[in-house]
Amino acid sequence: MKMLLVEDDRQQRDYVAQGLRELGHQVACFGDGTEAIGVVLAGGFDVLIFDRMLPSLDGLTLLRMIRSQGCQTPTLLLTAMSAIEDRVDGLEAGADDYLVKPFAFVELVARLNALGRRSPSCETVTMLEAGGISMNLLRREVRRGNRTIDLQPREYSLLEQLLRNADRVVTRTMLLDRVWNFGFDPKTNIVETHMSRLRAKLNEGFGDDAIKTVRGSGYMIDSRAG
């Protein structure tokens with residue numbers, strides 16, 4: 001199955017993800033609900049695993065948000081909160097199952113297998129649009145206005161991340177992780193170099209910059225621009 005795990009405890013996140021991968025599953029990992037929400041809503045996952053206590057956007061709020069957007073992908077909540085009212089809150093927010101920490105890995109796997117037998121219903125996204133830029137994910141075609149833009153694979157991936165997170169800042173660390181699969185800072189200007197090339201291609205023939213630099217934070221595309 002293809003799974004998404006949102007857990008801010010890096011040691012536990014790595015442990016669970018490694019164990020699931022050893023069983024043949026594909027696992028995407030995030031440490032913060034704010035970073036994960038765009039990827040969740042893009043769809044394509046069989047099961048979602050959310051820790052309840054997360055920085056910035058907690059698992060319960062994240063769950064309510066995706067349910068309000070029509071995403072019904074089976075979701076398991078992980079939490080150290082074991083009171084009955086806590087479990088009730090989680091289930092009423094839209095969780096399909098609830099597992100209290102500490103838990104046995106074999107029980108987690110059994111619960112995920114049960115959830116995986118349900119059909120996910122997040123709509124598969126085939127088009128991304130923001131700021132006058134459109135991306136056809138099936139054709140891998142990018143357009144700004146009436147012009148088709150030819151992008152290299154890394155440039156395409158950078159733009160995809162920005163479009164999926166329109167109106168939200170995408171940090172350099174997030175780009176290193178999602179585009180290059182780096183779990184560390186290579187101490188190079190690899191992001192800046194590719195971003196510069198992407199900008200040059202997007203902005204050719206236009207008077208404004210399609211990508212906004214948020215100083216000290218990262219990059220974003222304003223959906224209202226264009």
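The values are calculated or read from the model by the stated rules, or taken from the named source; none is laboratory data. Keep in mind it's a predicted model, so treat the numbers as computed, not measured. Here the Cβ positions follow ideal geometry from the backbone for every residue, glycine too, while neighbour counts run over all protein chains shown. Side chains are part of the model used for accessible areas, which takes the heavy atoms of the whole protein and leaves out ligands, DNA and RNA. Shrake-Rupley method; radii C 1.70, N 1.55, O 1.52, S 1.80 Å.
So which residues in the stretch 37-52 are part of a loop (DSSP other than H, G, I, E, B) and touching a helix residue (DSSP H, G or I) at 6+ places or on another chain (Cβ under 7 Å)?
Within the stretch 37-52, 46, 52 meet the criteria.
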(request) Return a yes/no flag: does the stretch 9-19 have any residue that is assigned to a helix (DSSP H, G or I), open to solvent by less than 20 Å² (accessible area, probe 1.4 Å) and over 30 Å from residue 128 (Cβ atoms). (result) yes
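Would you check if there is a residue in the stretch 150-167 being surrounded by fewer than 15 Cβ atoms within 10 Å (Cβ to Cβ), within 17 Å of the chain's Cα centre (by Cα) and not hydroxyl-bearing (Ser, Thr, Tyr)?
Yes - at least one qualifying residue is present in the stretch 150-167.
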(message) For the list (1) under 13 Å from the mean Cα position of the chain (by Cα); (2) buried (at least 22 other Cβ atoms within 10 Å of the Cβ), I need the number of the one condition that residue 29 fails.
(response) (2)
(message) Please pick out the residue among 138, 176 that is open to solvent by 80 Å² or more (accessible area, probe 1.4 Å), closer than 23 Å to residue 44 by Cα and at pLDDT below 95.
(response) 138
(message) Checking the conditions here, which among 199, 168, 178 is free of Cβ contacts under 8 Å to residues at least 40 places away in the same chain, under 16 Å from residue 36 (Cα atoms) and not in a strand (DSSP E or B)?
(response) 178
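To keep it simple, each residue is scored yes or no on (1) open to solvent by less than 20 Å² (accessible area, probe 1.4 Å); (2) in contact (Cβ under 8 Å) with a residue 24 or more places away in the chain.
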{"residue": "47", "(1), (2)": "yes, yes"}
{"residue": "51", "(1), (2)": "yes, yes"}
{"residue": "56", "(1), (2)": "no, yes"}
{"residue": "59", "(1), (2)": "yes, yes"}
{"residue": "80", "(1), (2)": "no, yes"}
{"residue": "90", "(1), (2)": "yes, yes"}
{"residue": "107", "(1), (2)": "no, no"}
{"residue": "115", "(1), (2)": "yes, yes"}
{"residue": "127", "(1), (2)": "no, no"}
(message) Please go through (1) within 14 Å of the chain's Cα centre (by Cα); (2) part of a loop (DSSP other than H, G, I, E, B); (3) polar (S, T, N, Q) for residue 34 and return the number of the only condition it doesn't satisfy.
(response) (2)
